[in-house]
Amino acid sequence: ELGRRYPGACQTAPGAAPYFYEEANWVDDMEHGAAQLYALTGEDRYRVEALEYAAAEPVTPWMGRDTARHYEFFPWHNQGHYELWRAARDAAPGTVRHLAGYYARGLDAIQTRAVKNAFRVGIPFIWCSNNLMASFATHAYLYRTMTGDNRYRDLEAAAVDWLFGVNPWGVSMVIGYPADGRTSLDPHSIIARQLGVETQLGGLLDGPVYRSIYENLMYIRLLDPDEFAPFNTGFIVFHDDFGDYSTNEPIMDGTGNLTYLLSAYGRP
């Protein structure tokens, strides 16, 4: 009710900091909240409100774009479409059948970009790109769960493969996994630096960014020679170096996102 009374996004207050979380969208959060209230109470007004919010933002806005501001479209994927479908599919199936189509529109936008990429990935490589990679895979998973349609299965697998090492650097973006693979040994984490990288086991890294972003961020400097220099010659870069907070920092939101997806894969 507070969100309906005062609609809009709530950003962090940067103070004197050069960077902050610039979230701009909010109806996805309201859809999710209304869907959960409908599931809990059965009150139909919540279903109606959730459908209104879903129609206001059918596609998560970063999908198909080349860039976005820092955390502009957090949390990167819209769980609300799925939760609304799950809550209403028995009581009012005709009212939520179209929600899978909303996912498909975003997935199609990524597919258009992915066909031009050797690794079959189509996200924009903005700061925290691994969030987007995990969220794309999550949308693809939710779509096929809702429809039984596997048309995006290959792209979903490519996104997950990228996170676990099928990328230009051959590095898994998940610290310590797989155990016999090449993962980050020097992440941007003072805890890892002082107590050992094993303290960050399972953490998902920020991920590669456009070279133009990396070269214009403040206070970044590599502390060691770039071991991936032969592979950092294109339009995106990644460094396993404590000094690179843009590509090599463990992120809580992305780790949670990927944990949700991998847990879903483990369901019978």
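The values are calculated or read from the model by the stated rules, or taken from the named source; none is laboratory data. Just so you know, these numbers come straight off a predicted model, no measurement behind them. For neighbour counting, all protein chains shown are included, and Cβ atoms are generated from backbone atoms with ideal geometry for every residue, glycine included.
When VAL59 is tested against (1) under 24 Å from the mean Cα position of the chain (by Cα); (2) in a loop (DSSP other than H, G, I, E, B); (3) surrounded by fewer than 14 Cβ atoms within 10 Å (Cβ to Cβ); (4) among the hydrophobic types (A, V, I, L, M, F, W, C), only condition (3) is not met. When only residues in segment 145-174 that are over 17 Å from the mean Cα position of the chain (by Cα) and under 20 Å from ASP224 (Cβ atoms) count, which is surrounded by the fewest Cβ atoms within 10 Å (Cβ to Cβ)? Selected residue: GLY170.
For every residue, the table says whether it meets (1) more than 17 Å from the chain's Cα centre (by Cα); (2) at pLDDT below 95.
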site: HIS77; (1), (2): no, no
site: TYR82; (1), (2): no, no
site: ALA92; (1), (2): yes, yes
site: TYR103; (1), (2): no, no
site: ASP108; (1), (2): no, no
site: ARG113; (1), (2): no, no
site: SER184; (1), (2): yes, no
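Scanning segment 174-202 for residues that are in a loop (DSSP other than H, G, I, E, B) and under 15 Å from LEU261 (Cα atoms) returns a single hit, GLY202.
Figure legend. Inter-residue proximity from segment 82-94: first residues over 18 Å from ALA264 (Cβ atoms) and in contact (Cβ under 8 Å) with a residue 24 or more places away in the chain, second residues of a type in the set (D, E, K, R) and in a helix (DSSP H, G or I), beta-carbon distance below 6 Å, spacing 6+ or different chains. Indicated pairs: ALA88/ARG47. Among residues of segment 54-68 that are more than 12 Å from ILE110 (Cβ to Cβ), none has a Cβ under 6 angstrom from a residue that is small (Gly, Ala, Ser) and in a loop (DSSP other than H, G, I, E, B) at a sequence gap of 6+ or on a separate chain. Look at segment 96-108: where a residue is part of a helix (DSSP H, G or I) and a partner is β-branched (Val, Ile, Thr) and at pLDDT 95 or above, sitting 6+ places away or on another chain with Cβ atoms under 7 Å, you get ALA100/THR147; TYR102/VAL59; ARG105/VAL59; GLY106/VAL59; GLY106/THR60. Please find, among ARG193, ARG221, ARG267, the residue that is among the charged types (D, E, K, R) and modelled with pLDDT under 95. Within the list ARG193, ARG221, ARG267, the selection yields ARG267. Could you tell me whether any residue of segment 6-28 is part of a loop (DSSP other than H, G, I, E, B), polar (S, T, N, Q), within 29 Å of THR67 (Cα to Cα) and touching a residue at least 24 places away in the same chain (Cβ under 8 Å)? Yes, segment 6-28 contains at least one residue that is part of a loop (DSSP other than H, G, I, E, B), polar (S, T, N, Q), within 29 Å of THR67 (Cα to Cα) and touching a residue at least 24 places away in the same chain (Cβ under 8 Å).
Out of curiosity, is ASN167 on the phi < 0 side of the Ramachandran plot and part of a helix (DSSP H, G or I)? Taking the combined requirement at face value, the residue does not satisfy it.
Filter segment 213-252 for residues that are under 19 Å from VAL197 (Cα atoms), buried (at least 17 other Cβ atoms within 10 Å of the Cβ), of a type outside the set (Phe, Trp, Tyr) and in contact (Cβ under 8 Å) with a residue 24 or more places away in the chain and give the result. Selection gives ASP240, ASP241, ASP244, SER246, THR247, ASN248, GLU249, PRO250, ILE251. Only one of the listed residues (ALA24, ALA35, ALA50, ALA13) is among the aliphatic types (A, V, I, L, M) and modelled with pLDDT under 95. That residue is ALA13.
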